[in-house]
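The values are calculated or read from the model by the stated rules, or taken from the named source; none is laboratory data. Just so you know, these numbers come straight off a predicted model, no measurement behind them. Cβ coordinates were reconstructed from backbone atoms using ideal geometry, including for glycine residues, and neighbour counts include every protein chain displayed. Surface accessibility is based on the protein's heavy atoms, side chains included, excluding ligands, DNA and RNA. Shrake-Rupley method; radii C 1.70, N 1.55, O 1.52, S 1.80 Å.
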Amino acid sequence: HRLLLKNGVIKIIRTIGKAITDDSGKAIELFGTVQDISKQKNIELKLKESEERYRYLAELSKDSIYVINRNDEVEYVNEFAANLLGSTPKEIIGKKRHKFFPPDISEKQNENLQEVFNTGKINRLEAKITFSGYETWQDNYLIPLKNEDNKVRAVMGISRDITKRVQTEKALQ
């Protein structure tokens, strides 16, 4: 509920009440509490806004962004990454990561993910990978996502296509 104070300030409150009745069921007294939850609601709103900004950044990015959990399941993949795999986020999320890559690439990815799970540290690496017959170089950041106990529960990956840079460096050598 919203409560307008005399000074014009609006507070968000939670009320809990109970009626005391007589033998006939008629309310004779009302007991209750009023709790100011304005700060809590403000924090929830700011968190929601922050999540919304993150979601827009991830979805509009031209980098592949994904989250892989300890069971090797895809928890999140942005539209850009899904398109590279010839799929949609809906078709990928909840599935095993290794099903989307050839065995040799999948095994190397697994080693890199396990390093983050085991150390809890960010891992940055460059790797050659083939998407739908197209060879590409990727600059990858693997970032640990930790739970309340500070244990890595999943890894967020951000991968950027650096093929043109690598080709230019090779041409200059």
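Applying the condition of being part of a loop (DSSP other than H, G, I, E, B) and not hydroxyl-bearing (S, T, Y) to region 42-85 and asking which residue is nearest to A154 (Cα to Cα) yields R70. Would you check if there is a residue in region 37-54 being over 30 Å from T136 (Cα atoms), among the polar types (S, T, N, Q) and open to solvent by 80 Å² or more (accessible area, probe 1.4 Å)? Within region 37-54 (the criterion being over 30 Å from T136 (Cα atoms), among the polar types (S, T, N, Q) and open to solvent by 80 Å² or more (accessible area, probe 1.4 Å)), the answer is yes, since at least one residue qualifies.
Assess whether S106 counts as being in contact with a helix residue (DSSP H, G or I) (Cβ under 6 Å, 6 or more places away or on another chain), open to solvent by less than 70 Å² (accessible area, probe 1.4 Å) and either under 21 Å from D72 (Cβ atoms) or free of Cβ contacts under 8 Å to residues at least 40 places away in the same chain (or both).
Numbers: in contact with a helix residue (DSSP H, G or I) (Cβ under 6 Å, 6 or more places away or on another chain): yes; open to solvent by less than 70 Å² (accessible area, probe 1.4 Å): yes; either under 21 Å from D72 (Cβ atoms) or free of Cβ contacts under 8 Å to residues at least 40 places away in the same chain (or both): yes.
Criteria met by S106.
Each residue in region 132-148 was checked for being open to solvent by 70 Å² or more (accessible area, probe 1.4 Å), at pLDDT 95 or above and of a type in the set (D, E, K, R), and 1 pass. Here region 114-173 is the region considered, the condition is being without any contact (Cβ under 8 Å) to a residue 40 or more places away in the chain, assigned to a strand (DSSP E or B) and basic (K, R), and the residue that is nearest to A81 (Cα to Cα) is K128.
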